Amino acid sequence: MRLIVRELEQRGVNVRCDDAEEDSDHIAILSEWDTYYGRIMPATFAAALTGGMPASIRRYAYLQGLDGIIPEAESEEVDTKEKEKRSRPEGRSQLDYVRRLAHQLQRERGILQRSQDKDIKAIGVLGSDVYDKLLMLQALRDVYPDVIFFTTDLDARLIQPSEQQWTRNLIVASAYGLQVGAGDRIQLPPFRGSYMAAMYHACRRAVSRSDPADTLRAKVFEIARRQAVSLDERKIRRVPLKLGMPGLSAMLVALLTLMIFLVTRLRGDFA
């Protein structure tokens, strides 16, 4: 979580604040209520800020499995009528909760802007189900087009072209990336998620004491058009200026021409 806090700070969000600061930016945290992982994540994020739960952190909860699809039915195609049926406030699907939660967030944002002249600058979707994250992003991105979204645990489904409208520029803090085995003789294709990468490194660590994962650390990624870009590897490329004699001569001629033009212009002004 400290990596996300640092990234938000670099993007102009005032996150390290207490209740007494008037310039504190508000952050909304959406997390699972029925899992220990989801319940502990808001407190973990708040601990990375000030050690407590500041008033600028607004917590919202949802239940895991928003789409209501059981694992055996995930491969079945869903037509338009079935999608409309799932969005109704009935049955196993909880898509209606997502819609109402988005409206509640939008309403409270308006109250915050009118009463305190404040705004929500970042929204975190913290849960264990990637499909729930995608549904939340789909419901909130249109309502908050200018807000920074962040989550945890990198997953290949966040990079899918069909999800780019919701996941583009999403900040993801993850213990592992999708690509592993950079120093191995056999190059493996990128995994589907960071949990699979963690299992890979755990197996290697169980059979070998020289697992490269011992030197790895958590990273922050940003979802781009075709891949997840590691923000820890951002570098400003400085291309050295290499001038041979032809290039140097051309530069000197250009500078001399500019000086002659300026001197002629100044003489004309004083004449």
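Quick note: the coordinates plus some simple rules give every number you see, no bench work behind them. Just so it is clear, the structure is predicted and the values come from calculations on it, not from any experiment. Glycine also receives a Cβ, built like all others from the backbone with ideal geometry; neighbour counts cover every protein chain displayed.
Quick one: order THR151, THR44, THR257 by neighbouring beta-carbon count within 10 Å, fewest to most. All intermediate terms of the calculation are to be shown ahead of the outcome.
Working: THR151 26, THR44 14, THR257 10.
Least crowded to most crowded, the residues run THR257, THR44, THR151.
Annotation: extensible slack from ALA55 through SER230 equals 59.9 nm (criterion: 0.36 nm per residue apart, minus Cα-Cα distance).
Cβ-Cβ distance of ASP117 and VAL143, R₀ of 30 Å, FRET efficiency by 1/(1 + (r/R0)^6): the value works out to about 0.90.
Take ARG225, ARG100 and order them by how many other Cβ atoms sit within 10 Å, fewest up front. Display every interim value, and only then the final one.
Working: ARG225 9, ARG100 12.
Listed from fewest to most nearby Cβ atoms, that is ARG225, ARG100.
Using the Cβ-Cβ distance between GLU9 and SER162 with R0 set to 30 Å, the FRET efficiency from 1/(1 + (r/R0)^6) comes to roughly 0.40. Whole-Hz Karplus values for segment 133-144 come out as 4, 5, 5, 5, 5, 4, 7, 9, 5, 5, 6, 10 Hz, taken residue by residue from phi with 6.51 cos²θ - 1.76 cosθ + 1.60 and θ = phi - 60°; glycine and proline positions read x.
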